[in-house]
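Taking it in order: structure first as structure tokens, then the write-up.
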Amino acid sequence: MPRLSRLLLSAIYLCCLVAAARAADADLIDPSQGKPDDKQPILWYDVRLLGVEGQGWADTKAPFDRLPAKAEGVVRKEVWGLSRHAAGLCVRFVADATAVHARWTLTSANLAMPHMPATGVSGLDLYIRMPDGRWQWLGVGRPDKPTNVARLAAGLPAGPHEFLLYLPLYNGVSSVEVGVAKEAKLRKAPARLPDLRKPVVFYGTSITQGGCASRPGMVHTAILGRRLDRPVLNLGFSGSGRMEPEVGALMAEIDAAVYVIDCLPNMDAKAVAGHTEPLVRLLRKTRPTTPILLVEDRSYANAAILDGPRRHNADSRAALRKAYEKLVVDGDDHVHYLAGDALIGDDGEGTVDGSHPTDLGFVRQADALQAALMPLLPKPVLRADRRPVEGYANKLSVVPGEEIAFHVSTVAPKYSLEITRVGAERAVVWRKDGLEGKDYPVPADASARGCGWPAALTLKVPADWKSGYYAGRLTATPPDGKPASSELFFVIRPADPGKGTKILLQLSTNTYNAYTNWGGYSLYAYHAKDKVQGRRVSFDRPQYSQFATWELPFIAWAEKNGYALDYCTNLDLEHHPELLKSYKLVLSVGHDEYWSAPMRDNLEKYIGDGGN
């Protein structure tokens, strides 16, 4: 995590902790609700008094079930039985105790598995929040019988601390208690910030459930919960996570931040092909815009040498990719995809048995999923991180006589807009002062979905504005009295294509947008929020033009040497391919990386017809 993010997280955490310490007695657990211990001076508190996180439903048959009581008899009996394991359930609390104890009763006497230790199957796992906001492992509860008592940590510094206690991954619990000194104050943890309350919901297999983590906090879903600092619902059902509609219908009841579907390890290609689309469409009936991340299966650790595992990976992935592409073609803009070849590394060292991750494999899987989830879990952009005035045009290219709208946000009461044609010389063609300013917020997903600001003004492009690149200079004086400016841009296509020249220059506007990180993310990790690569970028936001770096030097040379040019954008090759037939030469100069299939098809047809 970047240092600045950690400092911000630390500040938020300290403020929340201080607020919690000063909160009304409603957050303080009454010591009378604690049970005395007959051997040591501590009180035992039922963790339900503190709030159990990781449950999507309150109406469960038993206190620590993962599915609601109504699911019994609806989902397959194997799913129901596994849903009674406490995988992913956790408890956050604040205590000024110097030692933390735990007492828990398991529902099964099977404490361990041949390939997974008892600490992961049936143990507890304790973390403490550090001053910089991150979670630090503190202690594990090692089970050796159905009812266990353990001191998880001792010798803690004086003062209030926030703790996070994970429950067993492959066993159920009928009761869980936290023990602290009689004089210690025990409180509910600070409420999560509003933007961090919706859970990430994982639906998957034994890997999702936690096989074979050494302790409950080491499964990737728990790691991600700590890193993202938001609730996670673990709907991993061992060998029974198979994209079943009965589970999907229950998932749709949860107002999730993201749904992560990771069931391929339990499915063959035929099942993947038959179940993926119906599951996504079922969720869409209730949650039309909630992001859904489809995850390929991890590569078997021995797939590099064995043909059978390699072929299983390839076939199931091909089926998932085909279903994903069909959903996208059908108009689902909120379904996303994560390849599985790097989920647990490529060195063969990330599993217990070739399939189930070790702790190393889970950390690697968390790394890959974090990079995929961060752009789907955007954080609000603060006003302090923005320019005092900024804007964008509703269209990247227009022709004379067409209307163009400008969307502007500013903290200043008034602003001005000056439009200049930029070529070998800069020629001001329009200016207006005293425009009414208004400030608009930035949606959390603006980099991917756009700002949605209303149009500040609309202009009919005059007939005498010739084809070219146009810059709109926004200038304002905010309340602090320091003049500020920013620039937007658009392109004017020729009113009569090919009349004044047979050379068409198409500008690399797709690439401009790909490198723009305004609102949080670009398509590159190096300058995006938290160094995470975005998966989608919108044109409906202020953009950083690369025109001056790439195309302008050529244009200045061409115009000075008597070459007339007409202009268009990347998108025009797709949406206005009729332009091409009027020219003998189409130019791309500079940094032109991003092309759609129709752009290329149209240009190749132009070349095939004799164009250059």
Report, in degrees rounded to the nearest 10, the 0 to 90 angle that the Cα long axis of helix 307-329 makes with the longest principal axis of the chain.
50
For a Förster distance of 22 Å, can you work out the FRET efficiency between the beta-carbons of Glu78 and Ala271, rounded to the nearest 0.05?
0.90
What residues from segment 573-612 fall in the zone where the backbone N is under 15 Å from a label point 7 Å along the Cα-to-C-beta line of Val329?
597-598
Would you calculate a helix-derived [θ] at 222 nm for the chain, using -39,500 (n - 2.57) for each DSSP H run of n ≥ 4 and dividing by the full residue count, to the nearest 500?
-7000 deg cm²/dmol
How long are the semi-axes of the equivalent ellipsoid of the chain, taking √(5λ) for every eigenvalue λ of the Cα gyration tensor, in whole Å from largest down?
54, 31, 19
Can you tell me, using C-alpha contacts under 8 Å and at least 6 residues apart, the relative contact order of the chain as a whole percent?
10
Which length gain, in nm to one decimal place, applies between Ala314 and Ile607 when the Cα-Cα distance is subtracted from 0.36 nm times their residue separation?
101.8 nm
Using 0.36 nm per residue, how much length does the chain from Thr147 to Arg383 gain when fully extended, once their Cα-Cα distance is taken away?
79.7 nm
How many percent of DSSP beta bridges within the chain run antiparallel, rounded to 5?
75
At a probe radius of 1.4 Å, what is the per-residue accessible area of Arg226, in Å² to the nearest 10?
40
What size of dipole, in debye to the nearest 20, comes out for segment 15-154 about its Cα centre when the only charges are +1 on Lys and Arg C-beta atoms and -1 on Asp and Glu C-beta atoms?
380
Answer rounded, prolate or oblate for segment 408-540, using the Cα gyration tensor with square roots of eigenvalues a ≥ b ≥ c: rounded when a/c is under 1.5, else prolate when a/b is larger than b/c, else oblate.
oblate
Explain nothing, just the number: dipole magnitude of segment 176-248 about its Cα centre with +1 on each Lys and Arg Cβ and -1 on each Asp and Glu Cβ, in debye rounded to the nearest 20.
400
Could you sort 97-106, 174-183, 51-60 so that the peptide with the highest average Cβ count within 10 Å comes first and the rest follow in order?
97-106, 174-183, 51-60
Treating the angle as unsigned and between 0 and 90°, give the value, to the nearest 10°, between the Cα long axis of helix 359-373 and the longest Cα principal axis of the chain.
40
For the pair Leu196 and Asn302, how long in nm is the line joining their label points, each one 7 Å along Cα→Cβ?
4.3
Round to the nearest 0.05 the FRET efficiency obtained for Lys432 and Asp255 when R0 = 45 Å and r is the Cβ-Cβ distance.
0.50
Any idea which of Gly354, Gly340, Pro483 is furthest toward the positive side of the dipole for the chain, if Lys and Arg beta-carbons carry +1 and Asp and Glu beta-carbons -1?
Pro483
Mind checking which aspartates and glutamates have their C-alpha under 19 Å from Lys560, skipping anything on the same chain fewer than 8 residues away?
Glu425, Glu551
For segment 356-458, the dipole about the Cα centre with charges only on Cβ (Lys and Arg +1, Asp and Glu -1), to the nearest 20 debye, works out at 160
Please state the shape class of segment 144-232: rounded when a/c is under 1.5, otherwise prolate if a/b exceeds b/c and oblate if not, all from the C-alpha gyration tensor.
oblate
Prolate/oblate/rounded call for segment 377-451, Cα gyration tensor, a/c under 1.5 rounded:
prolate
Sorted peptide list for 586-598, 229-241, criterion being average Cβ within 10 angstrom, highest first:
229-241, 586-598
Determine ³J(HN,Hα), in whole Hz, for all residues of segment 46-57 in sequence, where each value follows from phi through the Karplus function 6.51 cos²θ - 1.76 cosθ + 1.60 and θ = phi - 60°; x replaces Gly and Pro.
4, 5, 5, 5, 8, x, 9, 9, x, 9, x, 9
Calculated FRET efficiency, Lys61 and Thr286, Cβ-Cβ r, R0 22 Å, to nearest 0.05?
0.40
When the charge dipole of the chain is computed with +1 at the Cβ of Lys and Arg and -1 at the Cβ of Asp and Glu, the Cα pointing farthest to the positive end, of Gly123, Tyr515, Leu49, is that of Leu49
Given segment 281-437, what percent of its DSSP beta bridges are antiparallel, to the nearest 5?
80
Between the residues Leu264, Leu306, Leu282, the Cα farthest towards the positive end of the dipole of segment 252-306, that dipole coming from +1 and -1 charges on the beta-carbon of Lys, Arg, Asp and Glu, is from Leu282
Over segment 377-522, what is the mean sequence separation of C-alpha contacts under 8 Å (at least six apart), divided by residue count, expressed as relative contact order in percent?
31
Length-normalised contact order of segment 40-82, Cα under 8 Å, at least 6 apart, in percent, tallies to 22
Using only Cα atoms, find the angle between the long axis of helix 3-21 and the longest principal axis of the chain, and express it within 0 to 90 degrees, rounded to the nearest 10.
50
Determine which lysines satisfy two conditions relative to Lys39: a Cα distance under 22 Å, and not lying fewer than 8 residues away in the same chain.
Lys145, Lys182, Lys185
Long pairs among Lys77/Lys285; Lys198/Lys438; Lys502/Lys605; Lys77/Lys198; Lys395/Lys502, criterion Cα-Cα beyond 21 Å:
Lys77/Lys285; Lys198/Lys438; Lys77/Lys198; Lys395/Lys502
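The values are calculated or read from the model by the stated rules, or taken from the named source; none is laboratory data. The model shown is predicted, which means the values in this text are computed figures rather than measured ones. Cβ: placed from backbone, ideal geometry, glycine included. Neighbour counts: every protein chain shown. Ligands, DNA and RNA are excluded from the accessible area calculation, which covers all protein heavy atoms including side chains. Shrake-Rupley method; radii C 1.70, N 1.55, O 1.52, S 1.80 Å.
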